[in-house]
Amino acid sequence: MQQGDVKLFQTDDNGEIEIERGIVIMSGGLETAAYLSLFGGSDWWGNLQENQPARKYNSETEKLLESIPAVSVNLRRIEEAAKRDLQWFLDTGVASSVTVNASIPGVNKVKLEMQIDQDQISFIENWKASA
């Protein structure tokens with residue numbers, strides 16, 4: 001029996017799951033919740049039935065990556081958006097600390113490195129907005 005959440009990872013055309021020998025890889029950490037918070041947005045099916053606005057994923061980070069230029073001066077805006085997207089970890093007591101660092105590892109890419117309590121999580125996402 002599998003436990004945890006389906007582990008998601010980023011690809012050039014959004015999130016993907018990994019399957020080994022016909023079994024979906026699972027995660028016992030906070031990666032999936034962080035991924036959906038940052039990149040799930042209104043596209044996440046779980047938002048459809050959620051009646052409490054505070055529990056819906058808004059993915060401000062994803063929206064910024066689609067709307068502001070991929071330049072280093074915008075990294076602080078991305079970090080602040082990611083912190084807001086992850087604030088629910090603190091508000092609900094899932095975590096007692098969240099830190100976010102953003103960098104540009106390549107052309108039209110952003111790397112988000114997060115520390116959520118003891119979990120170190122990292123995603124590399126396409127920066128979709130044109131300069």
Identity of the residue in segment 113-131, in a strand (DSSP E or B), farther than 15 Å from Ile78 by Cβ and polar (S, T, N, Q), that ends up modelled with the lowest pLDDT: Gln120
Single condition Val110 does not satisfy, out of (1) aliphatic (A, V, I, L, M); (2) in a helix (DSSP H, G or I); (3) in contact with a strand residue (DSSP E or B) (Cβ under 8 Å, 6 or more places away or on another chain): (2)
Where a residue in segment 30-56 is part of a helix (DSSP H, G or I) and its partner, wherever it lies, is β-branched (Val, Ile, Thr) and surrounded by 12 or more Cβ atoms within 10 Å (Cβ to Cβ), with Cβ under 6 Å and at least six apart: Glu31/Ile121; Ala34/Ile121; Leu38/Thr61
Selected residue [surrounded by 11 or more Cβ atoms within 10 Å (Cβ to Cβ), more than 16 Å from the chain's Cα centre (by Cα) and at pLDDT below 95] from Glu66, Glu60, Glu50: Glu50
Looking only at segment 83-109, and only at residues there that are modelled with pLDDT of 95 or more and among the β-branched types (Val, Ile, Thr), the one that is nearest to the chain's Cα centre (by Cα): Val100
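The values are calculated or read from the model by the stated rules, or taken from the named source; none is laboratory data. Quantities reported herein were computed from a predicted structural model and do not represent experimental measurements. Quick reminder, even Gly has a Cβ in these numbers, built from the backbone with ideal geometry, and neighbours come from all protein chains shown.
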